[in-house]
Amino acid sequence: MSGRETILVVRWGRLGDVLLAAAATRELRRSFPEARIDFAVKRSFAEAAALLPGVDRILALDGSGLLDLLRFRSGSVAKRVDLFVDLHGNARSRLLAILVRPRRRVVYDRLALTRRALVRWKRGKGMPLAPVWRRYLGALEKAGLAVESAPPRLRGTAPAAPSGAIVLAPGAGRETKRWPAPRFAEAARLLAERTARPIIVVGSEKERVLLEEVRAGAPDRARVAAGLPIAEVAALLRSASLVVTTDSGLLHLANGVETPVVAVFGPTTPELGFGPSGSRDRVVSVDLSCRPCSLHGTDRCPLPDRSHICMTRIEAEEVVRAALAILGDTTGTAG
């Protein structure tokens, strides 16, 4: 490729998957400084895609039917695409590639069979798979690019939160990936007792009831930030000292702005490829024979008694100890 070529990157969703594409878009821009790089994504994740480095245009897909895809191809995608980078690898992205007819197409390795074997039969347990962001880079290597194997980092955002705040992000896309709200509230109480740092409980507007329940653990110290645009959430996390989260998109948003995290994992495990990438990050979990029980979490625990022990056995004290170990110094500690 040379000159003003066009590169189309496709990752329809979800939040974490889109944010993890930052490593790939960074390397594409480094390899092709003059190329036009477009990023195709579902409309609901377009704001997140705007945080990716190196991207010139966000192409937002409305709907999920064939006619929606045909309209998307004719109305948004460039007439000529030199390199089609498929970071989703599903039927919709394959069909778009057929419609676009790029000069070259590369697809990231989902390791679908390997991951399903880990979930169903626990084969390979204890042997982490390559992180998803690294497998995204593997797609670029298929195109002959020499890539820098560095974790995803997002575009710069201006700080918007009190300096040194602790952010609690209790939400998750699936119910079983949520650490129980009373445990999060207890963690808020303990953090308020043991530090003098502000506490911010962050999530979507739909999660406001959950956020308020967590804030109730430290009503005099904590405040709720619900329904902020994703760029404002990124700015909030960037200026925080620490984020306590679950296996969720906000874990990867915190990593993308280089804020350390304590990540509470239950039905999923970091070895599936979605673990935190920071050198100071910590994962809190319990070692159970039933884990991992799913690739992305489920709406209810699959155990016969629905006990959800992968999360209910994690105590607030353990999470708070991990948080204080990351903070490390006495700055902000209550006396």
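The values are calculated or read from the model by the stated rules, or taken from the named source; none is laboratory data. Because the structure is a prediction, the values reported are computed rather than measured. Positions of Cβ are generated from backbone atoms using ideal geometry, with glycine treated the same way; all protein chains shown enter the neighbour counts.
Things worth noting here:
- Members of region 270-294 that are under 15 Å from the mean Cα position of the chain (by Cα) and not charged (D, E, K, R): PRO270, LEU272, GLY273, PHE274, GLY275, PRO276, SER277, GLY278, VAL283
- Residues in region 75-90 that are outside any loop (DSSP other than H, G, I, E, B), at pLDDT 95 or above and more than 15 Å from ASP17 (Cβ to Cβ): LEU83, PHE84.
- Residue selection: ASP38 fails the criterion of being crowded, with 21+ Cβ neighbours inside 10 Å and of a type outside the set (A, V, I, L, M).
- Any hit, region 149-170, residues being part of a loop (DSSP other than H, G, I, E, B), modelled with pLDDT of 95 or more and either of a type in the set (Asp, Glu) or under 17 Å from HIS296 (Cβ atoms) (or both): no
- Looking across region 52-71, the residues that are surrounded by fewer than 18 Cβ atoms within 10 Å (Cβ to Cβ), modelled with pLDDT of 95 or more and assigned to a loop (DSSP other than H, G, I, E, B) come down to ASP56, ASP62.
- Members of region 279-293 that are crowded, with 17+ Cβ neighbours inside 10 Å and among the small types (Gly, Ala, Ser): SER285
- Residues of region 258-305 that are of a type in the set (Ser, Thr, Tyr) and in contact with a strand residue (DSSP E or B) (Cβ under 6 Å, 6 or more places away or on another chain): THR259 alone.
- All positions within region 111-134 that are surrounded by fewer than 16 Cβ atoms within 10 Å (Cβ to Cβ) and under 21 Å from VAL9 (Cα atoms): ALA112, ALA130
- Flag if GLU212 is modelled with pLDDT under 95 and either assigned to a loop (DSSP other than H, G, I, E, B) or not assigned by TED's automatic domain parsing to the domain that holds SER44 (or both): no
- Any chance ARG197 is part of a loop (DSSP other than H, G, I, E, B) and not small (Gly, Ala, Ser): yes
- Residue match in region 137-145 (condition: in contact with a Leu (Cβ under 6 Å, 6 or more places away or on another chain), in contact (Cβ under 8 Å) with a residue 24 or more places away in the chain and not assigned by TED's automatic domain parsing to the domain that holds LEU295): no
- Members of region 237-261 that are touching a Ser or Thr at 6+ places or on another chain (Cβ under 9 Å) and under 14 Å from ALA165 (Cα atoms): LEU237, ARG238, SER239, ALA240, SER241, LEU242, VAL243, ALA254, THR259, PRO260, VAL261
- Which listed residue is touching a Lys or Arg at 6+ places or on another chain (Cβ under 9 Å) and within 22 Å of GLU141 (Cα to Cα), from LEU87, LEU99, LEU69, LEU51: LEU87
- Yes/no for THR259 being outside any helix (DSSP H, G or I), in the same structural domain as VAL286 (by TED's automatic domain parsing) and closer than 24 Å to ARG26 by Cα: yes
- Selection over region 72-104 of residues that are in contact with an Asp or Glu (Cβ under 9 Å, 6 or more places away or on another chain), buried (at least 18 other Cβ atoms within 10 Å of the Cβ) and not acidic (Asp, Glu) gives a count of 9.
- Candidates in region 302-330 are the residues that are among the β-branched types (Val, Ile, Thr) and not in a loop (DSSP other than H, G, I, E, B); of these, the one that is farthest from VAL262 (Cα to Cα) is ILE309.
- Flag for LEU137 being crowded, with 21+ Cβ neighbours inside 10 Å and farther than 22 Å from SER248 by Cβ: yes
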